[in-house]
Amino acid sequence: MSAASTAIPRGLAPTRHVLDNGLTVLSKHTPVTPAVTINASIRAGAAYDPPECPGLAHFLSKTIDRGTAARTADQIAEALDSRGVSLATAVTRQVLSLTCTCLTEDFEAILAQLADIIIQPVFPDAEVESRRGEVITLIRQDEDNPAPVAVDGLMEALYGNGHPYGRRLRGTVEAVERIDSAALRAFHQARVRPASVSVAVVGDVDPQRAADAAARVFGNWKSAPAQPLDITVPASSAERRTRVIPMMNKAQADIAYGFLAIARDDPAYYAYWLMNHIMGQYSMGGRLGDSIRERQGMAYYVYSSLDQSPVPGPLMVRAGVSAANVSRTVASIDEELTSLAADGPTEQELLESKQYLIGSMPRTLETNAGIAAFLQSAEFFGLGLDYDVRVPALLQAVTRDEVHAAARRAVDPARATIVVAGPYDGTLE
Amino acid sequence: MAAVEERTDSAVREHILDNGLRVLIQEVHTAPLATVWAWYRVGSKDEGPGMTGVSHWVEHMNFRGSTNIPREKVKGIIEQFGGYWNGYTWIDQTTYTETATRDALDHMLFIEAERMGSCLYDPEDCEAERTIIISELQGGENDPDTLLDQELTATAFRAHPYRHPTIGWLPDLQTMTRDDLYGHYRRFYVPNNATLVIVGDIDANAAMRDVVKRFGSIPARDVGRRPTTKEPGQLGERRVTVSRRGTTAYLKIAHHAPAGDDPEFVPMLVLDAVLTGAKGVNLWASFRTPPPQRSARLYQALVNTGLASGIGGSIVPTSEPFVYTISATATEGTPLERLEEAAVAALDRVAREGVTPPELTKAKTQLRARLVFENDSITNIAHQLGYFATVGRWQDFHALPGRIEAVTLEQVAQVAAKRLSPMNRTIGWFEPADE
């Protein structure tokens, strides 16, 4: 039954089990509450959308649980609702995920339902039509919201229109209007294969029970692995680029200021991680928070983020400010980034960020949902079953010079891409 | 030992110090973590005209240094233990929390004792927070749903201070002074108006000794008279329309709801589960995961028919009667009249006919499961003890599963008939204007 089964005896010590068909089962027994979190991650995210059909993966996430060869949409709704289970579907650039928590006593029944949804959805026309209305409304809401408008604008500028990372995740209304059952079936057939799926089971269920249940409901599913996706990486911008998207009906402007940064498997990733933490995360938003929020009182939120990504992901500074403070905020971001790139962090800052990131591991791994998300991320990036116990040493090993070098390479304001969306129609330096 | 009272019920130990501070401690040894929540019985309902938003602003100020924690030392105390800290203010309460590895416990207690007794209110910091909070308000107003919710609540209440938003009205935020903030802080941040909750991988006796050491000498003081306005009865259905440029139309329907200690509250929770799916009762966690709602009445009537892209219901325990709010987002091209007509038809039907036995069973199962799911972290466990202690009694949280189990079809039918009537209703529209 099992092609490979591995257990690591320290730290979190999850169990990884690969079925003969290539489907991966990750499990961790936590007997705290009589509940189990199931998180299925499928390599069928928005990056896999056909170029002519942006939004297909997102549309799939909205329709995959609306009827299968075995059950109607109403029967699925009843099976989940009657057990108090809500199935959350989500799409990132890389994966489509289905997550739910159920009582331990319902584990086998819910896993079987989830397998049915993943393996044999049928996309009934009536469901596709009503979900289309929902998806178009979501896109219209995004178009009226400065935060996604600014972020989408930045991603498009960084990666290029039409690039798997540059397209809008939910696609365009024009493309969504063309999507039908056949398109969804074809996408599902091409992308949702056993070897593309990893199922994390975390909770009051032991690994053997999890593996047995998964083998029963997924074991007979046979299909060759999907074609891998080849994503080209655009060159980083050599100059500073700015774009203003006026939305004069809004109360506040959103700033998205960013760069192409680094791939997850680059050995320098840990230095970038610490650099980003010092710049825009530590406590109330790192150096950026100290300046723009705490000292100047300009923003309720200001922070930076670094995506984990198989190709160089974005490093993004975000802030929401009044129109009158847009230029001053951008100038303050420039100033903080210039200083970090010129001088690097202090030893004290580096120590504090290391302490925080290492010390926060038990919190990250406190809940079933937290553990499941951690296991899926480690699986996706091939970080190993002992990644939780290796993190402290990986972070401790990073030197101040390495973080300084990361800042010098990554955050030069002269090469920043800046998008502002909101009640602002001025220019940007 | 300054603790004068100790009662044991389930795993929670309760102590009340001489100065009136209520302390709740629960040992949970599943992870090497500890959490502290400090709760104050002060929220936006305690604010008068000209002072709306003061409780929330005071919360912000209480992160900006104290006698023994200089401004620049605030950050780092909890972070060095990998910890998380935050706070929130709502209509009945203001609360502060830290969760970190268990060896940080005394640091957390130190921070909370300082916060209760000796925050600084530096005038420059007050001004910085004024603009930060105005930014928070304007960020909220970018969202039509938030804007509509604010207008809806202000329309549903004529007299009760629940009518104004917790963040406050902009003109008040522009004019309040440092002394207004400091006065509010000094009045309400006293041990006899607070509950301290500690949960985690700790020794309860040792933790109690630390609490006495840190808080025992903070003097009690009378908080004075609070607003006592009761909301007068409604004379007919009310309406409000927000008209702004936008892409999407929103509908909200509010009904005056029972307070948390009202016998009608739990039947109302069950009714909401039938209409929009069970959320549970954790303000901190319940709304972060979607409810099981595909088979719920309003989902079927509004989303499955293509009229709405999503629906929700909101009922949480409050110390005085608040509102039960149903929200729906219209799909593109759906007129709000049609969405409202379908929503009201579903509400009228349940008010007329009550719910069915299978619906009651399903709602109870959902609520039971949600209560289990929401107890998955020490942060959530401690939140619930403190939340319930602040709006009523903490024991009410533990009594909830039994009260849910005991709900009858008749009780649900009665609250539906009484609470969902047009006479108790306020309808809000966000209608996107062309220009």
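For the range B:267-426, taking Cα atoms only, Rg and Dmax work out to 15.8, 48 Å respectively. The base-10 log of I(q)/I(0) for the range A:2-218, evaluated at q = 0.07, 0.08, 0.15 Å⁻¹, reads -0.24, -0.31, -0.99 [Debye formula, identical scatterers on Cα atoms, solvent excluded].
Excluding A:Ile292 itself, calculate the net charge of residues whose Cβ lies under 13 Å from the Cβ of A:Ile292, where each Lys or Arg counts +1 and each Asp or Glu counts -1.
Once positives and negatives cancel, what remains is 0.
Per-residue extension of 0.36 nm, minus the Cα-Cα distance of A:Ala331 and A:Asp401, leaves a gain of 22.6 nm for this segment.
Remark: the range A:40-50, residue by residue, has Karplus-estimated 3J(HN,Hα) of 9, 10, 10, 6, 8, x, 5, 5, 8, 4, x Hz, where x stands for each Gly or Pro and the curve is 6.51 cos²θ - 1.76 cosθ + 1.60 at θ = phi - 60°.
Calculated from the alpha-carbon coordinates, the range A:337-410 shows an Rg and a Dmax of 14.7, 42 Å respectively. Amide H contacts under 5 Å for A:Thr417: A:Arg241, A:Gly258, restricted to partners 5 or more places along the chain or on a different chain, H placed in the peptide plane at 1.01 Å from N. Of the residues B:Gln26, A:Gly297, A:Gln208, the one whose Cα sits farthest towards the positive end of the charge dipole of the protein assembly as shown is A:Gln208 (charges of +1 on Lys and Arg Cβ, -1 on Asp and Glu Cβ, taken about the Cα centre).
Distance between the pseudo-spin-label points of B:Asp145 and A:Ala90 (7 Å out from Cα toward the beta carbon): 1.5 nm.
Taking every residue in B:355-363 and counting other chain Cβ atoms within 10 Å of its Cβ, the average works out to 1.
Per residue, the Cα convex hull of the protein assembly as shown amounts to 153 Å³. The Stokes-Einstein estimate for chain A, based on a Kirkwood radius over Cα pairs and taken at 10 °C with 1.306 mPa s viscosity, is a diffusion coefficient of 69 µm²/s. Modelled this way, with points 7 Å down the Cα-to-C-beta line, the labels at A:Glu78 and A:Arg240 are 6.3 nm from one another. I'd like to know which of B:Leu400, B:Ala328, B:Asn375 lies farthest towards the positive end of the charge dipole of the range B:238-433, counting +1 on Cβ of Lys and Arg and -1 on Cβ of Asp and Glu. So the residue we want is B:Ala328. Remark: the range B:296-435 carries a charge dipole of roughly 700 debye about the Cα centre, counting +1 on each Lys and Arg Cβ and -1 on each Asp and Glu Cβ.
Look at the stretch A:130-142: the mean tally of other chain Cβ atoms within 10 Å of its residues' Cβ atoms is 6.
Compute the FRET efficiency between A:Thr104 and A:Gln189 as 1/(1 + (r/R0)^6), taking r as their Cβ-Cβ distance and R0 = 41 Å, and round to the nearest 0.05. Mind showing how you got there, number by number?
Details: r = 34 Å, r/R0 = 0.83.
Here the calculated transfer efficiency is 0.75.
Computed on the Cα atoms alone, the convex hull of the range A:241-422 gives a volume of 128 cubic angstrom per residue. Partners of A:Lys222 within straight-line reach, counting aspartates and glutamates whose Cα lies under 16 Å from its Cα and excluding those fewer than 8 residues away in the same chain: A:Asp20, A:Asp116. Once both labels are positioned 7 Å from their Cα atoms along Cα-to-Cβ, the gap between B:Arg352 and A:Glu429 label points is 6.7 nm.
Please build a GNM for chain B, connecting alpha carbons under 10 Å apart, and tell me which residue among B:Gly386, B:Gly50, B:Gly233 fluctuates the most. Of B:Gly386, B:Gly50, B:Gly233, the Gaussian network model singles out B:Gly233 as fluctuating most. Remark: the range B:3-215 carries a charge dipole of roughly 480 debye about the Cα centre, counting +1 on each Lys and Arg Cβ and -1 on each Asp and Glu Cβ.
Per residue of peptide B:291-301, the mean number of Cβ atoms on other chains within 10 Å of the residue Cβ is 4.
Can you tell me what percent of all Cα-Cα pairs in chain B are more than 35 Å apart? Working shown, then result.
Details: 30636 of 94395 pairs.
Result: 32 percent of Cα pairs exceed 35 Å.
Residues of the range A:110-126 with amide nitrogen under 19 Å from the 7 Å Cα-to-Cβ point of A:Arg216? Answer for the range A:110-126: A:110-120. The translational diffusion coefficient of the range B:3-215, from Stokes-Einstein at 20 °C and 1.002 mPa s with a Kirkwood hydrodynamic radius over alpha carbon pairs, comes to 117 µm²/s. Computed from point charges on the beta carbon alone (+1 for Lys and Arg, -1 for Asp and Glu), the dipole magnitude for the protein assembly as shown about its Cα centre is near 620 Debye.
Where a number appears in this text, it was derived from the coordinates with a stated rule and is not lab data. Keep in mind that this is a model prediction, so the values were computed, not measured. No Cβ is skipped: glycine too gets one built from the backbone with ideal geometry, and neighbour counts run over all protein chains shown.
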